[in-house]
Amino acid sequence: MFVATTIVPVPALDTTTTAALKTNGVAMKAVILAGGLGSRLSEETSIIPKPMVEIGGEPILWHIMKIFASHGVSDFIICCGYKSLIIKKFFQDYRLRHSSITVDLSASETRYDHYAGENWNVTLLDTGLETLTGGRLKRAAHLLGDEPFFFTYGDGVGDIDLDALRAFHTEHGKLASVTAVQPTGRFGAMYLEDGSIAVTSFNEKPKGDGTWINGGYFLLDPKVIDYIAGDGTVWEHEPMARLADEGQLMASRHLGFWHPMDTLRDKTVLNQLWSEGAAPWKTW
């Protein structure tokens with residue numbers, strides 16, 4: 001679930017600095033929130049949880065995990081809640097979904113053929129039906145260890161350079177990094193000069209009005225868990241506000257593609273991009 005948090009970002013790192021600091025695929029954990037109701041996409045989420053809504057035949061959750069995997073992340077913690085059994089069964093049946101099988105009925109044996117699986121370790125953590133975003137993260141604290149970890153929502157994709165985000169986080173040395181994005185406007189914009197009735201220009205889908213928002217891809221130090229009171233804490237409210245007040249929250253501008261899946265229209269847009277072979281988030 002994306003919350004429209006306005007962010008004032010610091011400048012992105014120079015590309016030469018980024019290249020020097022790349023971790024070259026060092027495995028890190030990624031925590032993904034997948035427990036909310038997704039009420040704005042009720043056409044789908046009355047039946048399945050929002051992260052399981054499909055783009056090109058695979059859940060958006062899978063697409064997000066593939067983005068992380070393309071940057072060397074193979075250890076995932078999925079914070080489940082609403083209709084969690086559907087998410088669990090997806091991963092339990094993953095090998096079945098992605099291979100041919102031969103079944104020996106007399107011996108009650110199944111052989112999986114041509115399985116091109118993922119090298120992922122996936123923990124599906126029950127974090128409660130009513131738990132809010134910060135509370136879900138806090139419930140995963142015992143699985144995080146001492147190293148920085150990625151954190152995101154189960155409903156947004158982009159061509160996020162996670163290696164650059166790693167470098168950015170290492171460079172500034174604070175507790176939290178967030179990707180800042182400018183979403184595309186939903187309506188066309190007309191530009192008029194003062195006092196004129198003539199349209200001077202028209203932009204079908206302009207970027208936002210200069211506002212940067214929370215793009216949902218974080219890199220966090222485990223110490224941020226101390227900023228979360230409990231299940232009733234919204235990560236985007238008290239913890240992020242306090243981190244910002246203390247100068248511990250830094251934002252990296254993402255100028256590329258980013259798109260949430262909040263509505264049926266969003267689903268249609270993402271599926272169209274995928275079907276046309278023009279999905280910018282496909283970095284694998």
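The table that follows gives values for the structure above.
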| quantity | calculated |
| --- | --- |
| Solvent accessible area, Å² - HIS237, 1.4 Å probe, full protein context | 100 |
| Fraction of the pair-distance distribution of the range 102-180 above 17 Å, Cα-Cα pairs, percent | 68 |
| Alpha carbon centroid spacing (whole Å) that separates the range 251-281 from the range 63-118 | 24 |
| Area accessible to solvent at PHE149, 1.4 Å probe radius, in Å² | 0 |
| Calculated FRET efficiency for the pair GLU43/ASP146, C-beta based, R₀ 45 Å, to 0.05 | 0.60 |
| Alpha-carbon radius of gyration plus Dmax, which is the widest Cα pair, for the range 73-148 in Å | 16.5, 51 |
| Cross-link pairs LYS174/LYS223; LYS29/LYS50; LYS89/LYS282; LYS66/LYS138 - those with Cα-Cα distance over 18 Å | LYS29/LYS50; LYS89/LYS282; LYS66/LYS138 |
| Within-13-Å neighbourhood charge of THR110 [Cβ basis; K, R +1; D, E -1] | -2 |
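The values are calculated or read from the model by the stated rules, or taken from the named source; none is laboratory data. Since the model is a prediction, treat every value here as computed from it, not as a measurement. Glycine also receives a Cβ, built like all others from the backbone with ideal geometry; neighbour counts cover every protein chain displayed. Surface accessibility is based on the protein's heavy atoms, side chains included, excluding ligands, DNA and RNA. Shrake-Rupley method; radii C 1.70, N 1.55, O 1.52, S 1.80 Å.
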